[in-house]
Amino acid sequence: MRGPAEGRRSPQACDWPACAQKIVGHIEDSLCSTAIPQVTQALSVLTTAFGHCHGLWTQGLWVRLSPLVARLLEKDPVPASHSLVDLLLSVARSAPSSDRGLWETLAQTLSHLSPTQAGPLALGILKLQDCPQALRTQAFGILLQPLACVLEAAAQAPGPPGLLEGAAGDSMTVDTLLSSKSACVGLLCCALAHLGLLQPLPQRPSPWPQAPLLGAAVTILRLCSGSAAPTSDVGGRLCAILVGCGRVQRAALDFLGALSQGTGPQELVTQVFSVLLEYLVSPESSSMVLKKAFQATLRWLLSSPKTPGCCDLDPHTQLFLTELLPVLQKRLCSPCWEVRDSGLEFLTQMTRHWGGQAGFRQALLASEVPELTKQLLRDPESYVRASAVTATGQLSSWGLCASPECPGAQQESLLVELLHILSTDSEGFPRRAVMQVFTEWLRDGHADVAEDAERFVAGVLQAASRDLDWEVRAQGLELALVFLEQLLGQRGSHCPYAVALPETAPPGVLAQALQVLCRVQLFEFAFRALFDCDRPVAQKSCDLLLFLRAKAAPCGSPQEAGDSPNVASVEATLQRWQAGEQGQPLGYLEPGAVVALLRSVDLEGLRDTLAESSDHVEKSPQSLLQDMLAAVGVLGENEADCY
């Protein structure tokens, strides 16, 4: 149906080419089939067609096939429900808002599908831009029903109205929740996930029932922990099903974190912090549940309202913080490495956002958290060491690592310890973390780095140049670029993807900068990285040298520098490096020789070569199939499948 005549195709199928009519006839037969795989295939074909084609003929196709699609709803159970939902949403995204027949079919589908099957369709309907209000109300009610049932079952007394009228008390939803543990868990997790996805969208239903949803999330978490005391029979059965269920706990904590973007009554917000603290303290919380609890706690803390006219934390947050830090302290000593790691990530984010708040600083320094964090730099697990590096780097940036008695010695020992990790740690994650911390310290003017930046950069580049991890070497080039920008007085101004070339630097500033760069052996590192076997490292080096060459444009005469014997020997060394012989060092370079090298090396050509995909030599399907055959050549029974 596509092609030159597509715009002139009639919506009537009787005027279509014979081949198209034959395909439509086959789809009609498949939709009437009793074999579910055949129905599924037909629905998938239609979903693809409506997703890619939006001509008048597709509207005619839907008019012809919609009665057969609607007839699927009469079967119990509805066959191929997932594929049916995908098709209806695909049609709805391209259908005119005046198509009443489609909206009626969607409403019927919502009624006929089970609560679990109807969830994705309800979410898809609520994401549509143009949709009748009655259908939106029906769809939102389906998403709310499981939570409304939980609230009703766990209520000590009749609560205030807030969820949609009629959302609670749906017998099919209650039956699903109580039928089995797997059905209950599946329905609740889907409802929580769908509502969490809906929460930040501009087209979410209005008014948004923030308070009842907060109450439902807190209630579910209490049912799972066993701290709820429902009086109804349904509530007791729900509690028995959900207690200790990690999957529902994780989904509810994710949803609770998403709800932090809204506001709620102070009483409910207090309950939120109470249940979060309960989960962080509980020895029953698994490592994944604790991770989710830390994430939700962080989101709620950062969304706490600020007291008018005060830049510090509000009293409720300050009080919660005094209860939270001893818990964090305990979790940093957990025998489970995932828990220690989650605690460090939480501390890093809190410090990043609140490092300047007096209340936070006072509470943190009064605890043992900074000292425990520093001890975790020697943790046996590499992930934990990496997170400890990031956390201590953040604490040090805000002056929260040192004891009041001898802050200078503490900070200096931390710098030495991080350099030791960079040079000796056997795992890549901690070394990468150290490089990221050092780059941030240099960029932000950390006191210990600013005291002797030249010595600091020289030591870091020396360690990074020897590292076998390509990400460490790439981060070393990032640090070199930050240092270069600071030397040239253009801090943070460079973007390697900018179309316009950066402005040239004044000759005096450039000459002085080149002297410093030669002393820290930045060019030895950058030119060696230019021929690195890992492409991202070579690309980053190329960007750095191109940036420097643009800055050095007016500096010196090409003829003068090019005649230097030093340049000739360096060019010969670079050629050997490019050929794979990287043993010989460049040695100390004079600034004039550096400028000449920057002009003589074909950096643009190298950049273009590096930009080509790694399979630019062989892109053919035949080459791919040959690779597949070679990969499974030892398994003779797979050979025919590969061909």
Inset, instruction - Scan (1) open to solvent by 30 Å² or more (accessible area, probe 1.4 Å); (2) at pLDDT 95 or above for the single condition Ala447 breaks and write down its number. - result: (2)
Inset, instruction - Could you pull out the residue among Glu104, Glu74 that is over 34 Å from the mean Cα position of the chain (by Cα), of a type in the set (D, E, K, R) and over 23 Å from Gln12 (Cβ atoms)? - result: Glu74
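Scan the range 58-72 and give yes if some residue there is outside any helix (DSSP H, G or I), closer than 27 Å to Gln138 by Cβ and either at pLDDT below 95 or open to solvent by less than 20 Å² (accessible area, probe 1.4 Å) (or both), otherwise no.
No: zero hits.
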Legend entry - Answer residue from the range 327-350, given it is small (Gly, Ala, Ser) and in contact (Cβ under 8 Å) with a residue 40 or more places away in the chain and is surrounded by the most Cβ atoms within 10 Å (Cβ to Cβ) among those: Gly343
Legend entry - Only listed residue being farther than 20 Å from Ala118 by Cα, surrounded by fewer than 21 Cβ atoms within 10 Å (Cβ to Cβ) and in contact (Cβ under 8 Å) with a residue 12 or more places away in the chain, chosen from Gly226, Gly236: Gly226
Inset, instruction - Read through the list (1) open to solvent by less than 50 Å² (accessible area, probe 1.4 Å); (2) at pLDDT 90 or above, then give the number of the only condition that Trp577 fails. - result: (2)
Inset, instruction - Kindly indicate whether any position in the range 491-503 is open to solvent by 70 Å² or more (accessible area, probe 1.4 Å), closer than 24 Å to Gly393 by Cα, modelled with pLDDT of 90 or more and not acidic (Asp, Glu). - result: no
Inset, instruction - Could you please give the count of residues in the range 311-326 that are of a type outside the set (Ser, Thr, Tyr), in a helix (DSSP H, G or I) and either open to solvent by 40 Å² or more (accessible area, probe 1.4 Å) or touching a Pro at 6+ places or on another chain (Cβ under 9 Å) (or both)? - result: 6
Legend entry - Enumeration of residues in the range 183-204 that are open to solvent by less than 30 Å² (accessible area, probe 1.4 Å) and in contact with a Ser or Thr (Cβ under 8 Å, 6 or more places away or on another chain): Ala183, Cys184, Gly186, Leu187
Legend entry - Filter result for Gln129 (at pLDDT 80 or above and of a type outside the set (A, V, I, L, M)): yes
Inset, instruction - Could you give me the residue pairs with C-beta distances under 6 Å whose first residue belongs to the range 457-468 and is in the same structural domain as Gln486 (by the TED database), whose second residue is in a loop (DSSP other than H, G, I, E, B) wherever it lies, and which are 6+ apart or on separate chains? - result: Val457/Val520; Ala458/Val520
Inset, instruction - Could you identify the single residue in Glu485, Glu440 that is surrounded by 15 or more Cβ atoms within 10 Å (Cβ to Cβ) and either outside any helix (DSSP H, G or I) or modelled with pLDDT under 95 (or both)? - result: Glu485
Inset, instruction - Determine whether the range 37-54 contains at least one residue that is in contact (Cβ under 8 Å) with a residue 12 or more places away in the chain, outside any helix (DSSP H, G or I), open to solvent by 30 Å² or more (accessible area, probe 1.4 Å) and over 24 Å from Gln133 (Cα atoms). - result: yes
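Quick grid of which residues meet (1) within 31 Å of the chain's Cα centre (by Cα); (2) crowded, with 22+ Cβ neighbours inside 10 Å; (3) modelled with pLDDT of 95 or more; (4) not assigned by the TED database to the domain that holds Val460:
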{"position": "Ala366", "(1), (2), (3), (4)": "no, no, no, yes"}
{"position": "Arg378", "(1), (2), (3), (4)": "yes, no, yes, yes"}
{"position": "Ser382", "(1), (2), (3), (4)": "yes, no, yes, yes"}
{"position": "Ser387", "(1), (2), (3), (4)": "yes, yes, yes, yes"}
{"position": "Gly393", "(1), (2), (3), (4)": "yes, yes, yes, yes"}
{"position": "Trp398", "(1), (2), (3), (4)": "yes, no, no, yes"}
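The values are calculated or read from the model by the stated rules, or taken from the named source; none is laboratory data. Quantities reported herein were computed from a predicted structural model and do not represent experimental measurements. Neighbour counts run over all protein chains shown; Cβ positions are idealised from the backbone, glycine included. Protein only, heavy atoms only, side chains kept; ligands, DNA and RNA dropped before computing areas. Shrake-Rupley method; radii C 1.70, N 1.55, O 1.52, S 1.80 Å.
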